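A.B. asks: Okay, handing you the structure first.
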Amino acid sequence: MLPITILAFLLPALSLAQDGSISGPATSPEAAGYSCDASKCKLPNCNCASTSPPNGLSPSEVPQFIVYTADDAIQSYTIDSVNQFLAHRRNPNGCQPKMTYYTSLNYTNYTLVTDWYVAGNEIADHTMTHVGSPPNGEIDGNLIALNALAGIPFSAIIGFRAPYLNYTADTLRHLAAARFTYDSSTSASIPVTDPNTDAYWPYTLDNGLANDCLNIPGICKGEPQLPGFWEVPMYAFFDNRGVAGPHLMDPWLDEANGASTVNDSATLEYMKNTFTAHYNGNRQPIGLYTHPIHTSTTYPGVTVSNSTINMINAFLDWAQLQQNVWIVSTEQMLAWVQNPVPISQLDSFSPLKCSTPQVNQAICDGIPANELGLLSHCAFPDFPFYTCYGCPEVAPTPGNPNPPQDTSNGQQERFRVPANCSTPFWDPIQGQCICTSSSCQFQDNSRPIGPNSVNLTGGGTGGEFSSGTASPTASFVPFNGNGALSSLPSGIWPAIILGSIGAMSGWLTAQL
Ligand SMILES: [Zn+2]
């Protein structure tokens, strides 16, 4: 039984499709019909769609953000994949970059969601079962299950991305009604150097959408009107065909310049060119929007291209050598847009800081060293997972996102995270918040950056990229969250790998 159970961990890729590709302009001024009075629409709760930085800042006062996101299930493989690009880096303030994980729940290992959140990353909603144009229950159920089984506070889940980037006007209306802060499903599909670029800074929908107007019915020309609800466009890269050669998600999987095969050097070149156009222009953010499974080196049976991994690291190394470049989560970038301080004041800007909860008691709290032996293993046949917060009787579904806890074998019910205790301080076994004094407050680990410091660049690995390099240049520490498959007895691996080859070959065919 064990190999079959384990094999279920290996199937998430089967649920993936290549989401989010665009092939040309997704909007036009005529289709957008957008107007917004900037004298009435003011930060922090209103912002007109504009290609210029917020609050009238000049580009030289604005940081260049690289928003880093990942989509779909959270597993040890996918966390490893993200870490190989981020774990060794530092932003100009000395903090390790944070990122946003748009999390769907099939095949997600809930304890790793807890760990990733407690480590400072943003957890956001990507529906429960990964469906486009999602019914409300898919969106709400994701929130409820992530809160119940991963201990993510409701207040922390503020963002949404639609699977396959397929959303409707009603999707956005529901998100606003459910008090999400932002959606990030739209495309900025026209280069910043083109006169009619749609690379707007994040904006509120007080005057409707201005992106995707040619593609989605019932949006733009003032719709949907959702005051205070933010749209964070996804900014495409463009190869040497310009607007005819956009690359939105996982650009490294695409052929560049209309070629018939993937060429990492060509990809790196256009990624640099697009970055430079943003950096030397109005500094609209740029994004690495990833599906980490495609670059996972720990996913059994899959061979990824080391050249591609090296290329991505080379891009980030190159970008970080330039002044005022920050790798951030969507919520960090949006916090800056809502309160856009010039770079001379970034040292005191708290959303970009990093902090580590000071907890060393043996409680199940999202800090891997504390959790040993405390996790519940929920052995559902389709996708077994681990959690700090007690196994449900049945796997969560949109119709029943928070089933009763399973106490059929005499297990003690666990206590879910309450609203007044943050995740790393909550003991779900005793039902206690251990933070009762200033001694257990968060500790700020960020390093001040002086106004106009000479060196405001982050730290990369420094390796030069050359196509075809045999091994990755970046060193990273594999993520050792509890419940990761790496803790299995070694003898199990051959069975897993053999068992997964059939599944994987089907998946690869589907991907290509
Ligand atoms: Zn997805």
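The values are calculated or read from the model by the stated rules, or taken from the named source; none is laboratory data. Keep in mind it's a predicted model, so treat the numbers as computed, not measured. Note: ideal-geometry Cβ built from the backbone for every residue, glycine included; neighbour counts use all protein chains shown. The accessibility values were calculated without ligands, DNA or RNA, using every heavy atom of the protein model including side chains. Shrake-Rupley method; radii C 1.70, N 1.55, O 1.52, S 1.80 Å.
A.B. asks: Roll a 1.4 angstrom probe over the protein heavy atoms and tell me the percent of accessible area of the stretch 179-325 that is carbon or sulfur. Let's see the in-between values first.
C.D. replies: On the way: 2080 of 4590 Å².
Roughly 45 percent of what the probe reaches on the stretch 179-325 is carbon or sulfur.
A.B. asks: Can you list the HN-Hα couplings for the stretch 347-362, worked out from phi with the Karplus curve (6.51, -1.76, 1.60; θ = phi - 60°), rounded to whole Hz and with x for Gly and Pro?
C.D. replies: 5, 10, 8, 5, x, 8, 7, 10, 9, 10, x, 8, 9, 10, 6, 7
A.B. asks: Working with all protein chains in place, sort 86, 143 by solvent-accessible area computed with a 1.4 Å probe, largest first. Could you put the intermediate results ahead of the total?
C.D. replies: Working: 86 5, 143 25 Å².
So, going from the largest accessible area down, we get 143, 86.
A.B. asks: Taking only protein heavy atoms into account and a 1.4 Å probe, give the accessible area per residue of the stretch 183-336 in Å².
C.D. replies: Numbers: 4450 Å² over 154 residues.
Result: 29 Å² of accessible area for each residue.
A.B. asks: Please list 3J(HN,Hα) in residue order for the stretch 372-387, calculated via the Karplus relation 6.51 cos²θ - 1.76 cosθ + 1.60 where θ = phi - 60°; whole Hz, with x for glycine and proline.
C.D. replies: So the J values, rounded to whole Hz, are 4, x, 9, 7, 8, 9, 9, 8, 6, x, 6, 8, x, 8, 10, 7.
A.B. asks: Now, a different point. Once you put a point 7 Å from the Cα of residue 321 and another 7 Å from the Cα of residue 356, both along the Cβ direction, what distance in nm separates them?
C.D. replies: 3.0
A.B. asks: Then there is this: In sequence order, what are the phi-derived ³J(HN,Hα) couplings for the stretch 268-280 according to the Karplus relation 6.51 cos²θ - 1.76 cosθ + 1.60 with θ = phi - 60°, rounded to whole Hz, with x for glycine and proline?
C.D. replies: Coupling constants for the stretch 268-280: 4, 5, 6, 5, 5, 5, 5, 4, 5, 5, 5, 5, 8 Hz.
A.B. asks: In addition: Once you have the Cα-Cα distance between residue 131 and residue 430, take 0.36 nm times their residue separation minus that, and quote the gain in nm to one decimal. Intermediate results must be reported in sequence, preceding the final value.
C.D. replies: On the way: separation 299, 0.36 × 299 = 107.64 nm, distance 3.70 nm.
Between residue 131 and residue 430, full extension yields 103.9 nm more.
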